[in-house]
Amino acid sequence: MQFTRLWVGEQTDGQLRSLSRLGMRPNLICRIGLCLSLREPDVPDPALYDDGQVREFNRSTLFGPWDALFVCLIKQHLAEHGLDPQADLESQARAHISRGIRLLSTRISRLADIGNLLKTPADLEEPAEEGK
């Protein structure tokens, strides 16, 4: 099923509003959140993010000119986890965006923190001193 609109719930909307204070538009925050969620090893449970339909996004606004790329990334993640890339696309897109925004809200408090999202856990470890 292809979707043209995507709704997020109350908690996700609140976190979007909070993150918007950093000067980013909500659709950009959603894109970053989606990518952050796709990095997680598991599939988000859509039921955890079913807290209403508070904010609506047009898919064209949400993904912009990179729509095909984002949809392909979601479908690939679904296929890798044994889910149906067609039937589960909309619910998983919503779940990934919601989970990603929640992860994002715990990992950044200022715009400069976004660069840290690119680092892996190994990158965040302090380098060992030579000779020890």
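The values are calculated or read from the model by the stated rules, or taken from the named source; none is laboratory data. Computed from a predicted model, the values in this text were never measured in an experiment. When we count neighbours, we look across all protein chains shown, and the Cβ atoms used for this are built from the backbone with ideal geometry, even at glycine. With ligands, DNA and RNA removed, areas are computed over all heavy atoms of the protein, side chains included. Shrake-Rupley method; radii C 1.70, N 1.55, O 1.52, S 1.80 Å.
Key figures
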{"item": "Whole-percent carbon and sulfur share, accessible surface of region 1-68, 1.4 Å", "result": "52 percent"}
{"item": "Amide proton proximity set for Arg5, modelled H, under 5 Å, gap of 5+", "result": "Arg59"}
{"item": "Two-site FRET efficiency, Phe3 against Asp113, from Cβ-Cβ distance with R₀ of 30 Å, rounded to 0.05", "result": "0.45"}
{"item": "Alpha-carbon Debye profile of the chain, log10 I(q)/I(0) at 0.09, 0.15, 0.20 Å⁻¹", "result": "-0.28, -0.71, -1.19"}
{"item": "Accessible area of the chain divided out per residue, in Å², using a probe of 1.4 angstrom", "result": "59 Å²"}
{"item": "Mean Cβ neighbour count within 10 Å, used as a protection proxy, ranking 7-15, 95-103, 30-38 highest first", "result": "95-103, 30-38, 7-15"}
{"item": "For region 35-99, alpha-carbon Rg and Dmax in angstrom", "result": "11.5, 30"}
